[in-house]
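The values are calculated or read from the model by the stated rules, or taken from the named source; none is laboratory data. Keep in mind the model is a prediction, meaning the values are calculated, not measured. Backbone-built Cβ (ideal geometry, glycine too); neighbour counts: all protein chains shown.
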Amino acid sequence: MRNYFLLLTILLCIGCSKVYKRTSKVCDDKLYFEVFNVNPAGVDEGYLTDSLNFRLYVGKWDNEHENFHLMCDGDSVIIEKLDRVDTTSFLKAIETKKYSLKELKSKRKFE
């Protein structure tokens, strides 16, 4: 029984480590979206950054059913969480957040 708990603990720790996947450019090269794999079952998490002033945690998603879409609107960035809400293969926005780039840069926040 003790070996079972040790094995379970090791597997959980391995599954919780972040592994860098990619960085995508957002808003005409002003921003970057960093993606890390956080679970071998296909769960990723993302961060929005300008590499100098801020790094904002965007969220986690299941690659099979969800994703995030980032777009610019003047001095703001809009982040939509997309999900398959029905049996179609189309992703639909289920949550939308808007951030002022000026405010993000002034807070100089890194997560």
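Values for this structure:
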| quantity | calculated |
| --- | --- |
| Residue that is nearest to the chain's Cα centre (by Cα), among those in the stretch 22-63 that are small (Gly, Ala, Ser) and farther than 16 Å from GLU80 by Cβ | GLY42 |
| Top-ranked residue in the stretch 62-82 [being outside any loop (DSSP other than H, G, I, E, B) and in contact with a helix residue (DSSP H, G or I) (Cβ under 8 Å, 6 or more places away or on another chain); ranked as farthest from GLU103 (Cα to Cα)] | VAL77 |
| Flag for GLY59 being buried (at least 17 other Cβ atoms within 10 Å of the Cβ), without any contact (Cβ under 8 Å) to a residue 24 or more places away in the chain and part of a strand (DSSP E or B) | no |
| Residue match in the stretch 41-58 (condition: farther than 18 Å from CYS27 by Cβ and of a type in the set (Val, Ile, Thr)) | yes |
| Residue among VAL85, VAL38 that alone is out of contact with any helix residue (DSSP H, G or I) (no Cβ under 7 Å at 6 or more places or on another chain) and either surrounded by 14 or more Cβ atoms within 10 Å (Cβ to Cβ) or in a strand (DSSP E or B) (or both) | VAL38 |
| Counted residues, the stretch 88-111 - those being part of a loop (DSSP other than H, G, I, E, B) and touching a strand residue (DSSP E or B) at 6+ places or on another chain (Cβ under 8 Å) | 3 |
| Inter-residue pairs, beta-carbon under 9 Å, first free of Cβ contacts under 8 Å to residues at least 12 places away in the same chain and in the stretch 69-96, second in a loop (DSSP other than H, G, I, E, B) and exposed (fewer than 11 other Cβ atoms within 10 Å of the Cβ), 6+ apart | LYS92/ASP86 |
| Residue under evaluation LYS107, criteria (1) of a type outside the set (Asp, Glu); (2) touching an Asp or Glu at 6+ places or on another chain (Cβ under 8 Å); (3) at pLDDT below 95, criterion not met | (2) |
